[in-house]
Amino acid sequence: MKPQELCDIDDLATSLVVDVFLGFNTHKMNTEHKERYKCKSHLKPVIDEFIKNQSMKLAFESFWNRKYIPDHLFKASYKKLVRDHIERYMGMFYLDSGFRIEPCYRYSLENKVGAKVNATSHWHKDGIIKRLVGCVAELTEKEEDEILHVGKNDFSVMYSCRKKCAQLWLGPAAYINHDCQANCKFVPNDKGTACVKVLRDIKPGDEITCFYSANFFGENNVNCECCSCEKLCKGAFKTNEEQPKLGRYNFRQTNGRTNSYRSPDKSKKVKEPKTPQKKKNEVLEPCTPNKNPEVDKGEALLGSPYTKIIQKTRGLDLDQASKSPEK
């Protein structure tokens, strides 16, 4: 899916499934999103029936209605995309899903009303939670400017060091909260999606968490409100020094965190290092396998801004998030 299509279809799927199940509106990519129906309770029987009969065909027949689907998506060309994405969210109600999206009243960034993902069955280390997936769509810089609004809908944007571009990250896995001692990690694949791998045993009722990055919540996650930080008196719970004031998403500004990965502006000319001149009577030794040549200064010049990983970034990097944090 293209980024704008993913935004529109994800907003639709969350409004039809997650919001109906939780009883309140969750995050939306469209800042001017409006429901096409006034009462969420009208769709609750669809979810209840699906939990009993496990029939996605019957559930989708109820959802695929002009009362619920916007006109620009109520087309044959979008029908499969819409069905597949709704099923990703309905997937939490399958008997073998092993997880459920539930209300979360912990984080100040969400005004204490958000969502989390809890385990509903036992998960063992190295297991894959296959139904807990996220969809990825690559963003051009133009699409970033058109789609993203700082502090409003930039909650689910990461930067891929491997592909060197910003990516939109939506789907059930986007409801996974961060923890500095997470029990899971994101595992990307080549199909435009990513699933979740278990890092240590999880029992029913435990929250499923992933490690976003070391600087997602301010420098060194100084504003982090995760459970581990609360237990260890770190992050936002650190008491031996005054904490910086936390504005809504001010530490996750999309431009700042994605641009920190990117190369410098190519329009600006960078002076090339001068080639050292050979001195008189100086014998230059050939490079042999037994003797390492000196590092070329040109490479050193390009080293810092072009490195794959920049630790001071403030965004979620899927390539790095797929690695467990250092203990």
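Only one of the numbered conditions (1) in a strand (DSSP E or B); (2) loosely packed, with under 15 Cβ neighbours inside 10 Å is violated by Leu95, and that is (1). The number of residues in the range 152-183 being open to solvent by 40 Å² or more (accessible area, probe 1.4 Å) and modelled with pLDDT of 90 or more comes to 1. A search for C-beta distances below 6 Å between a residue of the range 140-155 that is of a type in the set (D, E, K, R) and any residue that is modelled with pLDDT under 90, counting only pairs 6+ apart in sequence or on different chains, returns Glu144/Ala166; Lys152/Thr31; Asp154/Leu148; Asp154/Thr254.
Of the residues screened, Phe74 is one that is open to solvent by 20 Å² or more (accessible area, probe 1.4 Å), assigned to a loop (DSSP other than H, G, I, E, B) and free of Cβ contacts under 8 Å to residues at least 12 places away in the same chain. Within the range 198-215, being surrounded by 17 or more Cβ atoms within 10 Å (Cβ to Cβ) and either touching a strand residue (DSSP E or B) at 6+ places or on another chain (Cβ under 7 Å) or in a strand (DSSP E or B) (or both) holds for Val198, Leu199, Ile202, Glu207, Ile208, Thr209, Cys210, Phe211, Tyr212, Ser213.
Taken together, Lys34, Lys112 contain a single residue that is within 21 Å of the chain's Cα centre (by Cα) and surrounded by fewer than 14 Cβ atoms within 10 Å (Cβ to Cβ), which is Lys112.
Restricting attention to the range 20-48 and to residues that are touching a helix residue (DSSP H, G or I) at 6+ places or on another chain (Cβ under 7 Å) and not in a loop (DSSP other than H, G, I, E, B), the residue that is farthest from Arg100 (Cα to Cα) turns out to be Lys40. Report, ordered by the first and then the second residue, all pairs with beta carbons closer than 9 Å, sequence separation of six or more or different chains, a first member in the range 167-181 that is on the phi > 0 side of the Ramachandran plot, and a second member that is part of a helix (DSSP H, G or I) and open to solvent by 10 Å² or more (accessible area, probe 1.4 Å). Sorted first by the residue in the range 167-181, then by its partner, the pairs are Gly171/Arg88. The residues of the range 152-168 that are polar (S, T, N, Q) and assigned to a loop (DSSP other than H, G, I, E, B), listed by number, are Asn153, Ser156.
The number of residues in the range 115-151 that are hydrophobic (A, V, I, L, M, F, W, C), in a loop (DSSP other than H, G, I, E, B) and open to solvent by less than 40 Å² (accessible area, probe 1.4 Å) comes to 1. The residue of the range 1-31 that is surrounded by the most Cβ atoms within 10 Å (Cβ to Cβ), among those that are among the charged types (D, E, K, R) and within 24 Å of Tyr105 (Cβ to Cβ), is Asp10.
When the range 49-67 is examined, which residues are found to be assigned to a helix (DSSP H, G or I) and within 28 Å of Ser156 (Cα to Cα)? Selection gives Met56, Ala59, Phe60, Phe63. Report the residue count in the range 184-196 for those that are open to solvent by 60 Å² or more (accessible area, probe 1.4 Å) and either outside any loop (DSSP other than H, G, I, E, B) or touching a residue at least 60 places away in the same chain (Cβ under 8 Å) (or both). Final tally of qualifying residues: 0. Restricting the range 95-127 to residues that are aliphatic (A, V, I, L, M) and over 19 Å from Pro204 (Cα atoms), the residue that is modelled with the lowest pLDDT is Leu109. When the residues of the range 208-238 are narrowed to those that are among the small types (Gly, Ala, Ser) and farther than 29 Å from Ile129 by Cα, which ends up modelled with the highest pLDDT? Taking the candidates together, the pick is Ala236.
The values are calculated or read from the model by the stated rules, or taken from the named source; none is laboratory data. Bear in mind the structure is a predicted one, so any value in this text is a computation, not a measurement. FYI the Cβ positions are ideal-geometry reconstructions off the backbone, even for glycines, and counts take in every protein chain you see. Ligands, DNA and RNA are excluded from the accessible area calculation, which covers all protein heavy atoms including side chains. Shrake-Rupley method; radii C 1.70, N 1.55, O 1.52, S 1.80 Å.
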